[in-house]
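Report on the following structure.
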Amino acid sequence: TAAQSAAHQWAAGALPTVHLLGLVVIADAPGKLPKPLKDLLRLVSGGVPRLWKLPWVESLRLGDPPASTRLPSAYARLAQDLTRIISEDAHA
């Protein structure tokens, strides 16, 4: 709901100095997303430029550094997308 509120503020122009690239959602538990959360995510994601969904990684929850953890490919895609978007914005 915090992301939903922030997206509303951004879309309404209430945050003129914010350049929103998108929303990153990280699973809070392993397994399927419960239907109420899936529905809320669908609603919120319609109000942001992009959505990245990252899966649960137990070792990150336990405090292991990301560099020592084998991360799912979605994490690398996020980093690549952000690098590309920021680079494109810098050249625009």
Requested in this report: Test D89 against the stated conditions and say whether it is open to solvent by 50 Å² or more (accessible area, probe 1.4 Å), farther than 14 Å from V25 by Cα and among the acidic types (D, E).
Outcome: yes
Report task. Filter the stretch 18-33 down to residues that are open to solvent by 50 Å² or more (accessible area, probe 1.4 Å) and modelled with pLDDT under 95, then give me how many there are. Result -> 8
Requested in this report: Pull up the stretch 64-86, narrow it to residues that are among the small types (G, A, S) and open to solvent by 80 Å² or more (accessible area, probe 1.4 Å), then point me to the one that is nearest to W52 (Cα to Cα).
Outcome: A67
Query - Subset of the stretch 1-10 that is open to solvent by less than 60 Å² (accessible area, probe 1.4 Å) and of a type in the set (G, A, S) - its residue that is farthest from Y75 (Cα to Cα) - result: S5
Report summary line: Given (1) of a type in the set (G, A, S); (2) over 21 Å from D89 (Cβ atoms); (3) outside any helix (DSSP H, G or I); (4) open to solvent by less than 60 Å² (accessible area, probe 1.4 Å), G13 misses just (2)
Query raised in the report: Within the stretch 35-63, can you find the residues that are open to solvent by less than 70 Å² (accessible area, probe 1.4 Å), part of a loop (DSSP other than H, G, I, E, B) and over 17 Å from A2 (Cβ atoms)?
Result: P49, P55, W56, V57, G63
Report summary line: Selection from the stretch 64-82 of residues of a type in the set (S, T, Y) and either within 14 Å of the chain's Cα centre (by Cα) or in a helix (DSSP H, G or I) (or both) yields S68, S73, Y75
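The values are calculated or read from the model by the stated rules, or taken from the named source; none is laboratory data. All of these numbers come straight from a predicted model, not from anything done at the bench. Using ideal geometry, Cβ is built from the backbone for each residue, glycine included, and neighbour counts are taken over all protein chains shown. Heads up: the accessible areas ignore ligands, DNA and RNA and are worked out on the full protein's heavy atoms, side chains in. Shrake-Rupley method; radii C 1.70, N 1.55, O 1.52, S 1.80 Å.
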